[in-house]
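Below you'll find the structure, written out as C-alpha cells, and then a few comments.
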Amino acid sequence: MSTTRATGCPECDGRLTADGDETVCEGCGLVVSTDRLDRGPEWRSFEDDDRNPARCGAPLTRSRHDRGLSTEIGRSGRGKNRKWSRLRRQHRRTQIRSKRERNQVYGFTEIRRLMGALSLPDRIRDQSCSLFESAQEEDLLRGRSIEGFASAAVYAACRVAGVSRTTQEVLDAAKATADEHRAAYDALNRELGLPVSAAEPAEFVARFASELDLGQAVRRRARDLAEQAVDSGHANGRNPGGVAAGAIYLAARRKDEAVTQAEAADVADVTPVTVRTTYQALRD
Amino acid sequence: MDRESRRAVSREYFSQERLAEHHFRSFNNFLDRGMQDVVDEKETIGTDIGDKEGQEPVWVELGDVRILTPRVREADGSEELLYPQEARLRNITYAAPVFMEMSIVRGGEDEPEEVVDQTETKVGRMPIMVGSNKCNIDGFSDDELIDIGEDPVDPGGYFIVNGSERVLMTSEDLAPNKILAEHDTKYGDDIQVAKTFSQRRGYRALVLCERNREGLLEVSFPSVSGSVPFVTLVRALGLESDEEIVHRVSEDPEIVKFMLENLEEADVQTEEEAIETLGKRVASGQGKNYQLKRANYVIDRYLLPHLHEEGVEEEDVRINKAYYLCRMAEACFELALGRRDSDDKDHYSNKRLKVSGDLMKDLFRTALNKLSRDVKYQLERANMRNRDLSVNTVVRSDVLTERLEHPIATGNWVGGRSGVSQLVDRTDYMGVLSHLRRLRSPLSRSQPHFDARDLHATQWGRICPSETPEGPNCGLVKNFAQAMELSQHVDDERELKRELDEMGVEGIPGIEGVERATPADD
C-alpha cells in the first residue's frame, strides 16, 4: 500500500511515497525516513491456520468518529445468548456519548457513502472528515444541515486536493439539497478559510474525456488547450467545467474523433452555448 | 481405441484451457445465474417504517443485477478498463462494478402501492477471476495478450486483490441432503444414527435420527435442545395412525416389531397433541398460543429445510418431511439388524466439491444481506429526518465491496472458515498448475482421521493418488487427476422432476396431475 505525502522531497522537491516502512522520493530515490510504524493489520495469511493473523486492530482512521478504535462484542462465544445480546446493546450504546458525536457519526457515514458513490480515494475521505470535524468544533453546524455539511466537506476536499468535482456531480449523489450544500459550503469557506483557488479547467478534462470515451491523444491535446485557455485569460469568470468541455470538443475535432457539442456539454452539465464560446475563443 | 486416438484424447486433456476449467465454469456460472439467484432469494428489503400509526410502510424491491468488466477509477475521476497486469503492478483490485435495479415502494395499507423511486444503481464492486467471461482479457489472442503485458500461457483461475493473486481453494464437503447411517456409541452402548445435512439457500441444518439403547428412535434438529421422540415428530407432521407410520417405515417384520415398541412408548396420539408437546419443548414457560406458533415455525423452518421448494404447498412439504424421517428410521433399523453396512463417509459419491463459484455465492449472499441491513438503516434514518427517499442516496456501495474483497484478501471466509483463499504459488509454472487444481478437506489436520487421509478406491480417475503433502496435511490436501471431470448440479430441478414424473415416478409434490400414493423417495 502506498500513499503520497503532501510535502515534497527535501533534495529535489519530488513526490514522496510511503512504501512499507520507508518514505521514498519518486524522483531521485532519496529515502527520506525509515522505520515508520506500520499501523495496519498483517495481510499475510497463515494458510489454513485457525488463528487470526492480525496482531492489532484495523489502522487508525479519521473517517470514524472514534478513529476506528472502538471494540465490538463478537458472536462466536457460546453461553447465554440473551445475556450477551443485552451486553452487546449496552456496549454499543456507550460508543456514542453526546448528541454531537451522534451527528458526527451520521455525517461521517454520509461522507463515506459519497466517497463510494463518487469513487474518490481514501485520502480525500480523511480530509473531508477532518473538515467536517473542524466545522463542528467551530460550531458551524448549528442551524444548518448535517447532510449539507457532509456534501460541502466532500466538495471542498476535492477542490483543495485538485481533483475537482462540479457542484452538480456532488449534489446528484448527496442527500443534501442545493440550498443546504451552498449554505454549508459558504460557512466552511468563510469560517475556516479554505485554501481553495479557482478550479482549473484541466482538472476536469480527464474525467469528461473518459466519459466520452476519447483516446489518450485527444486528452493530452485537450489538457494543453485547457491550460492555454487559462493562460490567455479566456477562462476567467467562466465555468471551468464548460471551458474543459470546450477544450475537449476542439481537441476531438482536431483529431477527427466524433463528439458533438451537445455531448460535450452534457458530460460537463453546461449548455452547448458555453462549449461553443470556449471553442470559438480557443480556435482563434 | 488405437494408440493414435488415445494420444489425441490425452493431449486434449492436457490442453491449456482445461487446466483451470473447473474454476472458470463454476465462476462463470456464478456470474451468469448465481448472482441473480441470490438477489431473487432476497427479493425485498423490508423496513420498520410504517410500524407507527398513520405511516405507510416502505420497502425496497430488488430487480436485475448487471456486472461490467473490471475497471479502475483514477484520482482525476476518469474511468479506464483495467487489465490484470496493471492490477498486479499497481497493487489494486481486479474488480468490476455491479449494478442492481432497485425500487422503493410505499403504501399498501390505506393508500395504493406507489413506487417512490426506481433506478439501477451501483451497489459495489465484485472481484473478477482472471480468464473468466467478465475478464477483460477474455478472447484475446496470444499477441494481444503480450501487448498488454499478460503471459499467454498463464492459466488464470485466480483473483487479484490489492495486487496479490489469490486462488480460492476447492473444498471437499460431505454431501448435503443425503441420509448417512452409521454406528456410534453413547454411554458405552452401541447405537445407530442416521444423519442428514439438510441444505437450502446457504442455510445448513443437521438432522439426526438415533436409535437409542432401549430401541427407541429420537430425532434432533437445530433450535430444539436435546431430542424429540420420532413418533411425536412424525405425528406433528401429519402422519397420525399407527398403521401408517409402521407402513411408511418398512414392511420387514422385524422392523415392524421395533416400530411397535416405539409406538407403545408414544405419549401422543394426534397431530394437535404432538404439536402441543413440541411447543412445550421449543418454548417452555410461554403462553399456549405462542407455543403452538413457535412449534409450527420450528417445523417449517429448521426441520429438513431442503424439502421446501418454491410453489409447493406447505402441507405437502410436511408430509414429505415425515416420509423422509421414516426413511431415516428405516436406515437406523436396518443398520441395527445388520441388513446393511454403515455408510462410507470417504466414498466419493458422498462428497461434494465447493469450487470458486460456490464459495463466491456464499460470500455474495452474506454481503448482500449486509448491504440490505445498511439500506434498511439508511432508509429509516432518511425517513426520520424527513428526507425524500431515493435509491441513490440510501445505497452505500463500499459496504458490498468491502464484504467481497476482505475475505478474498485474508482468506477468512463466511462461516468462520479460514485459509479459503491462498496466495498463488508462483515458485514455478508447475506450482501454479498444481495450486489451481488443489482441493482441501475441511477436517482438522491436528486430529488423526486415518480413514479420511487414506487413498479411497473411488478416488480413481478423480484424485491424484500420489500428490499430497507430507506432514500434518497428508491426505487431507489432494490434487485433481488430469482427466477429472467435475459435474455440476442441475440448473432447474423442477424440469428434472417433471421428467421423472413422466417416466412414472409417483408422489413428487407440486407437479400437476399426480396423485400422491407413495412417498417421495430420495
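Here, each number is a calculation from the coordinates, and none is a lab measurement. Computed from a predicted model, the values in this text were never measured in an experiment. Using ideal geometry, Cβ is built from the backbone for each residue, glycine included, and neighbour counts are taken over all protein chains shown.
Quick one: grab the alpha carbon gyration tensor of segment B:178-337, order the square roots of its eigenvalues as a ≥ b ≥ c, and give me rounded if a/c is under 1.5, else prolate or oblate depending on whether a/b is larger than b/c. Let's see the in-between values first.
Details: a/c = 1.44, a/b = 1.31, b/c = 1.10.
In terms of gyration-tensor shape, rounded.
Each of B:Asp300 and B:Asp242 was given a label point 7 Å from its Cα along the Cα-to-Cβ line. The distance between the two points is 3.3 nm. Note on the protein assembly as shown: with charges restricted to the Cβ of Lys and Arg (+1) and Asp and Glu (-1), its dipole about the Cα centre is near 3520 debye. Within segment B:331-488, the ratio Rg/Rh, alpha carbon atoms throughout and Rh by Kirkwood, equals 1.14. Using the Cβ-Cβ distance between B:Leu263 and B:Glu499 with R0 set to 41 Å, the FRET efficiency from 1/(1 + (r/R0)^6) comes to roughly 0.60. In order along segment B:466-480, the phi-based Karplus estimate (6.51 cos²θ - 1.76 cosθ + 1.60, θ = phi - 60°) of 3J(HN,Hα) comes to 10, 7, 8, x, 8, x, x, 8, 4, x, 8, 9, 10, 10, 5 Hz; Gly and Pro are listed as x. Amide hydrogen proximity for B:Val116: with H placed 1.01 Å from N in the peptide plane, the residues at 5 or more positions away or on another chain lying under 5 Å are B:Ile104, B:Val105, B:Arg106. A straight line joining the Cα centroids of segment B:127-145 and segment B:175-218 runs 47 Å. In sequence order, segment B:9-23 has phi-based couplings of 5, 5, 4, 4, 5, 8, 5, 5, 5, 7, 4, 10, 4, 4, 5 Hz under the Karplus curve 6.51 cos²θ - 1.76 cosθ + 1.60, θ = phi - 60°, and Gly or Pro positions carry x. Could you tell me whether segment B:148-219 comes out rounded, prolate or oblate from its Cα gyration tensor? Rule is a ≥ b ≥ c as square roots of the eigenvalues, rounded for a/c under 1.5, then prolate if a/b exceeds b/c, otherwise oblate. Because a/c hits 1.5 or more and a/b exceeds b/c, segment B:148-219 counts as prolate.
For segment B:108-144, applying the loop criterion from DSSP together with a ceiling of 12 other beta carbons within 10 Å to the GluC sites (Glu not before Pro) yields B:Glu109, B:Glu113. Leaving out same-chain residues fewer than 8 places away, which lysines sit with a Cα under 20 Å from that of B:Lys122? Within the straight-line cut-off, B:Lys122 pairs with A:Lys175, B:Lys42, B:Lys134, B:Lys361, B:Lys370, B:Lys376.
Using alpha carbons only, what's the Rg to Rh ratio of segment A:202-283 with Rh from Kirkwood? If you can, show how the numbers build up before the last one.
Values: Rg = 10.6 Å, Rh = 11.7 Å.
On the Cα set of segment A:202-283, Rg over Rh gives 0.91.
Placing +1 on the Cβ of every Lys and Arg and -1 on the Cβ of every Asp and Glu, with nothing else charged, gives segment B:178-337 a dipole about its Cα centre of roughly 1040 debye. When the helices of the protein assembly as shown are scored as -39500 (n - 2.57) per DSSP H run of n ≥ 4 and the total is divided over every residue, the value at 222 nm lands at -13000 deg cm²/dmol.
Taking the charge dipole of chain B about its Cα centre, with +1 at Lys and Arg Cβ atoms and -1 at Asp and Glu Cβ atoms, the residue from B:Phe99, B:Tyr302, B:Ser250 reaching farthest to the positive side is B:Phe99.
Please pull out the direction-averaged projected area of the protein assembly as shown, using the convex hull of its alpha-carbon atoms, in nm² to one decimal place.
Numbers: hull surface 178.8 nm².
The orientation-averaged projected area of the Cα hull of the protein assembly as shown comes to 44.7 nm².
If you take the C-alpha gyration tensor of segment A:99-192, multiply each eigenvalue by 5 and take the square root, what semi-axes do you get, largest first, in whole Å? List each step's numbers first, then the result.
Numbers: eigenvalues 62, 37, 32 Å².
They are 18, 14, 13 Å, listed from largest to smallest.
Would you tally the net charge around B:Gly131, using a Cβ to Cβ cut-off of less than 11 Å, leaving B:Gly131 out, and scoring K and R as +1, D and E as -1? Walk me through the intermediate numbers first.
On the way: positive: B:Lys134; negative: B:Glu17, B:Glu21, B:Asp138, B:Glu150, B:Asp154.
Net charge in that neighbourhood comes out at -4.
When the trypsin sites (Lys or Arg not before Pro) in segment B:311-398 are filtered for DSSP coil states and for at most 16 other beta-carbon atoms within 10 Å of their beta-carbon, the remaining sites are B:Arg339, B:Arg340, B:Lys345, B:Arg385.
Looking at the protein assembly as shown, the DSSP beta bridges with both ends there are about 95 percent antiparallel. For B:Lys257, the aspartates and glutamates whose Cα falls under 20 Å of its own Cα, not counting residues fewer than eight places away in the same chain, are B:Asp190, B:Glu210, B:Glu214, B:Glu218, B:Glu240, B:Asp242, B:Glu243, B:Glu244, B:Glu265, B:Asp267, B:Glu330, B:Glu334. Other residues lying with their Cβ under 9 Å from the Cβ of B:Ile191 contribute a combined charge of -1, Lys and Arg counting +1, Asp and Glu -1.
Each Lys or Arg adds one and each Asp or Glu subtracts one; over the other residues with Cβ under 11 Å from the Cβ of A:Gly162, this totals -2. With r as the distance between the Cβ atoms of A:Val196 and A:Gln168 and R0 = 22 Å, compute the FRET efficiency 1/(1 + (r/R0)^6) and round to 0.05. With R0 = 22 Å, the Cβ-Cβ based efficiency is 0.80.
Backbone geometry of segment A:205-215 corresponds, through the Karplus equation with coefficients 6.51, -1.76 and 1.60 at θ = phi - 60°, to 3J(HN,Hα) couplings of 4, 4, 5, 5, 5, 6, 5, 8, 6, 9, x Hz, x marking Gly and Pro. The calculated pair-distance distribution of segment B:451-507 uses every alpha carbon pair, bins of 5 angstrom beginning at 0, and gives 4, 16, 17, 12, 9, 8, 11, 11, 7, 4, 1 percent. Inter-label distance, A:Arg253 to B:Ser284: 8.7 nm, where each label sits 7 Å from its Cα along the C-beta direction. Considered as an equivalent ellipsoid built on the Cα gyration tensor, chain B has semi-axes of 44, 36, 20 Å, the largest given first.
For segment B:152-215, the list of chymotrypsin sites (Phe, Trp or Tyr not before Pro) that fall in a loop by DSSP and count at most 16 other C-beta atoms within 10 angstrom reads B:Tyr187.
Classify chain A as rounded, prolate or oblate, taking a ≥ b ≥ c as the square roots of the eigenvalues of its Cα gyration tensor: rounded when a/c is under 1.5, otherwise prolate if a/b is larger than b/c and oblate if not.
Values: a/c = 2.22, a/b = 1.61, b/c = 1.37.
Prolate, since a/c reaches 1.5 and a/b exceeds b/c.
Once backbone amide H atoms are built at 1.01 Å from N, B:Glu165 has B:Val424 as its partners under 5 Å, excluding neighbours fewer than 5 places away on the same chain.
Simple rule: put +1 on each Lys or Arg Cβ and -1 on each Asp or Glu Cβ in the protein assembly as shown, find the dipole, and look at B:Asn473, B:Gly279, B:Leu206; the Cα lying farthest toward the positive end is B:Asn473.
If you take the beta carbon distance between B:Glu17 and B:Ala75 as r and set R0 to 35 Å, what does 1/(1 + (r/R0)^6) give as a FRET efficiency, to the nearest 0.05? Don't skip to the answer; put the middle values down first.
Working: r = 38 Å, r/R0 = 1.08.
Working from the Cβ atoms, E equals 0.40.
About its Cα centre, the dipole of chain A is roughly 1840 debye, where the only charges are +1 on Lys and Arg Cβ and -1 on Asp and Glu Cβ.
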